[in-house]
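The values are calculated or read from the model by the stated rules, or taken from the named source; none is laboratory data. Given the structure is predicted, the values throughout are model-derived calculations rather than measurements. Cβ placement follows ideal geometry from the backbone for every residue including glycine, while neighbour counts extend to all protein chains displayed. Side chains included, ligands, DNA and RNA excluded: accessible areas come from the protein's heavy atoms. Shrake-Rupley method; radii C 1.70, N 1.55, O 1.52, S 1.80 Å.
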Amino acid sequence: MGRPLNAYDRALMELQKQILRMGDYVAGQVDKALAALKAQDSLLARQVIEGDDVTDNLDYDIEMAALDLISLQQPTDEDLRTLATVMRVGKELERIGDYAVNIAEVAERLTRLGPYFKPLVDIPRMSDLARAMLRQSLQALVDRDLEAAREIVRADDAVDRLFEDLYDELVGFMKRGPEYVDQASYLALVARYLERIADHAVNVAEMVVYLETGQRRAFKDYQGPQKTVLPGLRQ
């Protein structure tokens, strides 16, 4: 039998449970934002926007609890890496929550522009990949699974390719006539937000590698396709 858990051990375990609860909530926010976009449902979009305070509060509570443990217990080695990982993953999830809100805001605007000029195909495909990456990165964190974490960066390549192909297609529609410009530009923003959600999922996976090995920027030497900075879209 292992040693009995003390108050510090229990606090550390509770923090890790909190980060997983936050991950579930944020993943749900992304799901609802995409559902609002596909259905052009302004009420659902508004729920996502109003739910952002929950994400921010979860991030704040996790950060404060981690800092309290660091200041009071002065942890070292693996415990310190765990606390650093929890705080960093909280920030990554908070940013993903912000992108869910951005998608919901676009969905609200698109409800005023009438039916889509073409069926949404690539955006749902991108969203499926990005959301799967988020969930897989969180599962890798739970399991402390290094190989699963490293798979996330490979999945990101597919999201990047879809983003660039979709952007080119939407620009082609904009060139056809002004009647396409508003919808196409908003959909290009959604594609960009999904691409960034995938990037943050990679960052979470990178923290799994840090937690287990102490190695930061674990994927910096990965030679995937070079990302293109496309005109009109901010990094």
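Here are some pairs, Lys32/Lys91; Lys32/Lys175; Lys17/Lys38; Lys91/Lys118; which of them have Cα atoms lying more than 24 Å apart in this structure? Going by Cα-Cα distance, Lys32/Lys175; Lys17/Lys38; Lys91/Lys118 fall outside the 24 Å limit.
For segment 50-159, a/c is not less than 1.5, where a ≥ b ≥ c are the root eigenvalues of the C-alpha gyration tensor, and a/b does not top b/c. That puts it in the oblate class.
3J(HN,Hα) along segment 32-43: 5, 4, 5, 5, 5, 5, 5, 8, 6, 9, 5, 5 Hz, from the Karplus curve 6.51 cos²θ - 1.76 cosθ + 1.60 with θ = phi - 60°, whole Hz, x for Gly and Pro. Against the chain, whose longest principal axis is taken from its Cα atoms, helix 77-110 shows a tilt of about 20°.
The mean sequence separation of alpha-carbon pairs under 8 Å and at least six residues apart, normalised by the residue count of the chain, gives a relative contact order of 24 percent. Does segment 117-172 come out rounded, prolate or oblate, given a ≥ b ≥ c as the square roots of the eigenvalues of its C-alpha gyration tensor, rounded meaning a/c under 1.5 and, failing that, prolate meaning a/b above b/c? Verdict is prolate for segment 117-172. When you count the other C-beta atoms within 10 angstrom of each residue and take the mean per peptide, 33-45, 176-188, 90-102 line up highest first as 90-102, 33-45, 176-188.
Listed values for segment 179-185 are Karplus-derived 3J(HN,Hα) couplings in whole Hz (6.51 cos²θ - 1.76 cosθ + 1.60, θ = phi - 60°), namely 5, 9, 4, 4, 4, 5, 5, and x replaces Gly and Pro.
The label-point distance for Glu169 and Ile70, in a model that sets each label 7 Å from Cα toward Cβ, rounds to 4.4 nm. Think of segment 1-50 as a dipole: +1 on every Lys or Arg Cβ, -1 on every Asp or Glu Cβ, centred on the Cα centre; then among Ala36, Leu12, Val26, Leu12 lies furthest on the positive end.
What is the percent carbon and sulfur in the accessible area of the chain, measuring with a 1.4 Å probe over the protein chains and ignoring ligands? The value for the chain is 50 percent carbon and sulfur by accessible area.
Karplus-derived 3J(HN,Hα) values for segment 128-145, using 6.51 cos²θ - 1.76 cosθ + 1.60 with θ = phi - 60°, are 4, 5, 5, 5, 4, 4, 4, 5, 5, 5, 5, 5, 4, 5, 4, 7, 6, 9 Hz; glycine and proline are entered as x. In the chain, helical runs assigned H by DSSP with n ≥ 4 each contribute -39500 (n - 2.57); averaged across all residues and rounded to the nearest 500, the mean residue ellipticity at 222 nm is -28000 deg cm²/dmol. Amide hydrogen proximity for Phe117: with H placed 1.01 Å from N in the peptide plane, no residue at 5 or more positions away or on another chain lies under 5 Å. Solvent-accessible area per residue in segment 7-213 equals 45 Å², computed with a 1.4 angstrom probe and all protein chains kept. Under a model in which nothing but the beta-carbon of Lys, Arg (+1) and Asp, Glu (-1) is charged, segment 7-213 shows a dipole of about 680 debye around its Cα centre.
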